[in-house]
Amino acid sequence: MSFLLLWDIDGTLLSSGGASLRALRHALLQVFDITGFPEGVEYAGCTDRWIVRQIFVRCNLPENEENFRKYMEAYIDALPAEMAKPGARVLPGVRSLLAEAPARGSIAQGLLTGNSRRAAEIKLGRHGLWHHFAFGAFGDDCERRDELGHHGLRRARELHGIEFPPERVWVIGDTPHDVRCAQAMGANSLAVATGGHTASELAAHGPTAVLPDLMDSEAFWSIIGG
């Protein structure tokens, strides 16, 4: 394996069509009997636990492990039904790229996502993408997005039995958080403008490369080098 690709999920591989927000709202009502939803919560590029902490702060809920556990369980329970609603979709070009990677022979690929492992499996499994990823770094591993990369590298090493030097690691995502996560681990970053940020906004954060989307596979593999 020559190159390691670490993929973000939401806004990069797929759009959940608001499923995550609806499931979080449902869990807030079910667990804490709170209707509505607090404003000012940052979602894009954040870990599930960080998002939940923001919700607790704004709702004046105790930030203890019991509350985290109950809320996340209710969120996970609600997520499959929300993902089944219209609006959730795989983003253009993604299926082709994921299918092409193994055929190239030199590519290993995993996940680097703020989703908990179970949420990632639900979202990707719904669209038949989960099987592409034998390992990943998830929001369960740590609360800070910048610290996820080291978990991804460790699991890649454990699975493949080799070290992946930073210059051959690519973090692929749609937010400035993904770019900073790559920078924190010394890796390359490919920012794609398929989420809530434009290409120029992403470029301002210093990624290795920027693409408007993932539809041009030749452009993608030319950047990666695999």
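None of the figures in this text is laboratory data; all of them are computed from the coordinates on show. From a predicted model like this one, the values you see are computed outputs, not experimental measurements. Note: ideal-geometry Cβ built from the backbone for every residue, glycine included; neighbour counts use all protein chains shown.
This model, with +1 at the C-beta of Lys and Arg and -1 at the C-beta of Asp and Glu, gives the chain a dipole about its Cα centre of some 340 debye. Below 13 angstrom from the Cβ of Ala88, what's the summed charge of the other residues (Lys, Arg +1; Asp, Glu -1)? Residues near Ala88 contribute +3 overall. Across the chain, the mean sequence separation of Cα contacts (distance under 8 Å, 6 or more residues apart), normalised by length, yields a relative contact order of 26 percent. Here the relative contact order of the range 19-83, from alpha carbon pairs under 8 Å that lie six or more residues apart, stands at 51 percent.
For the range 32-47, 3J(HN,Hα) computed residue by residue from phi via the Karplus equation (6.51, -1.76, 1.60; θ = phi - 60°) reads 10, 6, 10, 8, x, 8, x, 8, x, 7, 8, 10, 4, x, 9, 6 Hz, glycine and proline entered as x. Axis angle, to the nearest 10 degrees, between helix 94-103 and the longest C-alpha principal axis of the chain: 50 degrees.
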